[in-house]
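Reviewing the structure listed below.
The values are calculated or read from the model by the stated rules, or taken from the named source; none is laboratory data. If you're wondering where the values come from, they're calculated on a predicted model, not measured in any experiment. We place every Cβ from the backbone using ideal geometry, glycine too, and count neighbours over all the protein chains shown. When the accessible area is computed, the model is the full protein with side chains, heavy atoms only, and any ligands, DNA or RNA have been set aside. Shrake-Rupley method; radii C 1.70, N 1.55, O 1.52, S 1.80 Å.
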Amino acid sequence: MGIVFSWISHYGYAALFALLTLGIVGLPIPDETLLIFCGYLIWRGQLHPLGAFFAGFGGSICGISLSYTLGRTYGYKFVHRYGHYFGATEARLAKVHKLFERLGAWLLTLGYFILGVRHFTALVAGMTGLEFPKFALFAYFGAALWVTAFLSFGYLVGDKWQQAYQVLHRYLMLATAALAVLVLAIWWIRKKSVKTAPKHIEPRP
């Protein structure tokens with residue numbers, strides 16, 4: 001992680017832009033830590049708030065747009081060829097698309113704040129054929145909120161940013177685990193209710 005901080009210290013906004021682009025695509029780059037560190041550099045006067053925001057926002061939207069494009073270009077072909085090995089079918093993709101149309105697009109916004117989710121939401125959105133204007137509206141809004149929140153956090157905690165991030169990371173992990181349990185519980189309840197629902201029998205003439 002030290003080399004990442006070194007790049008930011010030496011190359012500033014360009015490094016922030018490039019690292020967040022790669023991190024959002026899915027490379028193992030500590031995105032939140034990176035933004036909090038940049039907030040700390042704003043506190044020290046080494047980075048300008050607007051410059052850091054636009055570099056972080058630009059990198060985020062480039063990364064998530066690239067993920068969306070990969071999902072839209074290759075995702076359907078991948079599911080068509082290999083989906084039967086892990087239960088992903090074209091019919092299920094259609095159902096996921098309907099879910100995105102109703103409320104799933106908000107996952108593009110909220111997914112930035114859920115560990116491990118933001119790397120996949122854009123891929124799924126592209127695979128299910130979510131229209132780009134709708135994708136961009138929710139994904140770019142989420143990027144603006146996410147970048148602002150973590151830059152501000154790093155600025156507010158100042159030189160205690162490392163200790164503060166450890167506490168924040170712990171709470172993010174707990175929140176992510178709780179959300180995963182909730183989603184699994186809802187899925188299990190809905191699946192069980194479908195199995196136990198009485199079948200409608202047509203009366204004989």
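Details
- Residue in the stretch 57-68 that is among the hydroxyl-bearing types (Ser, Thr, Tyr) and more than 16 Å from residue 108 (Cβ to Cβ) present: no
- Residues in the stretch 3-19 that are among the hydrophobic types (A, V, I, L, M, F, W, C) and open to solvent by less than 20 Å² (accessible area, probe 1.4 Å): 4, 8, 15, 16, 19.
- Any hit, the stretch 111-121, residues being in a helix (DSSP H, G or I), surrounded by fewer than 20 Cβ atoms within 10 Å (Cβ to Cβ), touching a helix residue (DSSP H, G or I) at 6+ places or on another chain (Cβ under 9 Å) and modelled with pLDDT of 85 or more: no
- Only listed residue being surrounded by 20 or more Cβ atoms within 10 Å (Cβ to Cβ), out of contact with any His (no Cβ under 8 Å at 6 or more places or on another chain) and of a type in the set (S, T, N, Q), chosen from 60, 67: 60
- Residue count for the stretch 20-44 under the criterion of being open to solvent by 10 Å² or more (accessible area, probe 1.4 Å) and among the hydrophobic types (A, V, I, L, M, F, W, C): the result is 7.
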